[in-house]
1. Is there a quick way to get the dipole size of segment 183-246? I mean about its Cα centre, with the Cβ of Lys and Arg at +1 and of Asp and Glu at -1; what is the value in debye to the nearest 20?
2. Using the per-residue mean of other Cβ atoms lying within 10 Å as a proxy for protection, in what order, highest first, do the peptides 221-229, 102-110 fall?
3. Going highest first, how would you order 58-70, 195-207 by mean Cβ packing within 10 Å?
4. Once you list every other residue whose beta carbon is under 9 Å from the beta carbon of GLN150, what net charge do they have if Lys and Arg are +1 and Asp and Glu are -1?
5. If you plug each phi of segment 103-119 into the Karplus form 6.51 cos²θ - 1.76 cosθ + 1.60 with θ = phi - 60°, what whole-Hz ³J(HN,Hα) values come out, in order, with x for Gly and Pro?
6. Could you give the nm distance between label points at CYS35 and VAL157, where each point is 7 Å from its Cα heading toward the beta carbon?
7. I need the phi-derived Karplus couplings for segment 151-160: 6.51 cos²θ - 1.76 cosθ + 1.60, θ = phi - 60°, integer Hz, Gly and Pro marked x.
8. Sequence-distant or interchain residues sharing an amide H contact under 5 Å with THR54, placed H: which?
Amino acid sequence: MIRLSSLPLLLALAACTTDNYSVVLLRNVVPNAMCVSSADENAVGLLHGTLDVTNPLPDGFLNPGYELRPVALNGTVATPDQTMVGNPNSHIFFVQGAEVELVAGVSSQSQEIIDHLASRGLTERINRFSTSIPPNGVAGLAFLAIDEEQTAAIGEVLGNRLIQIVARVQVFGEIDDSNIRTPLFEYPITLCTGCVVRQYGECALVPASADREVSECNPTQDDGGYACCTQNGEILCPPPPPPEQP
């Protein structure tokens with residue numbers, strides 16, 4: 001018979017079945033030219049992000065929010081468990097999704113943003129997606145750290161300020177039928193209005209030296225671009241090239 005007083009110890013021992021597993025998020029990286037997340041363990045990462053919350057965008061589309069593209073490492077330590085011998089799926093991390101919680105940075109203004117999101121029930125999200133990472137393998141993941149509903153709510157109170165919040169991320173899944181969660185990955189994101197999205201007005205008045213780029217991948221975040229202008233009542237993104245000089 002198992003006494004009730006022994007249950008906490010048994011539960012603690014059961015939790016130790018995942019102690020040999022080490023699945024971590026290494027860094028957030030820039031997608032490649034095909035807008036695919038890098039699966040390179042040595043990929044150069046972004047230390048922090050930027051999200052322009054302009055909404056709607058100049059061409060009428062809703063702002064999609066901030067997409068996080070972390071590199072995940074399955075640094076599983078092999079164990080002499082004979083029950084797994086000959087199992088081709090042994091120690092593979094089957095990713096099921098990610099939980100994201102938005103929290104305040106160091107400023108009181110940051111707390112104001114989080115309080116506004118909390119009043120709408122918009123501080124936490126669960127993103128569902130699937131992939132697998134072999135032992136000692138890496139994979140590039142992609143999911144929204146801030147979605148379009150959260151972006152719209154932030155835009156209601158941000159104004160022209162630059163305010164940094166923090167996305168706390170945990171990826172979850174299974175290894176050898178054990179539930180696995182990565183350690184917390186905290187990623188700071190600076191919020192702004194109009195720092196990435198550029199509406200130049202009439203196309204004929206766009207300076208020849210102006211940045212006319214529109215990013216194919218993440219036009220409202222980081223070093224992307226969303227440049228637009230108006231010509232004959234039509235919004236063009238990107239602006240047409242400047243006329244050639246005689």
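Read-outs: derived from the displayed coordinates by stated rules, not from any lab. Note that the structure is predicted; figures quoted are calculated from it, not measured. Cβ coordinates were reconstructed from backbone atoms using ideal geometry, including for glycine residues, and neighbour counts include every protein chain displayed.
1. 140
2. 221-229, 102-110
3. By packing density, highest mean first, the sequence is 58-70, 195-207.
4. My count for the surroundings of GLN150 gives -1.
5. 10, 6, x, 8, 9, 5, 5, 5, 5, 4, 5, 5, 4, 5, 5, 5, 5
6. Reported label-point gap for CYS35 and VAL157 is 3.2 nm.
7. With the stated coefficients, segment 151-160 comes to 4, 4, 5, 4, x, 5, 10, 6, x, 9 Hz.
8. Amide H neighbours of THR54, under 5 Å, 5+ apart: GLY194.
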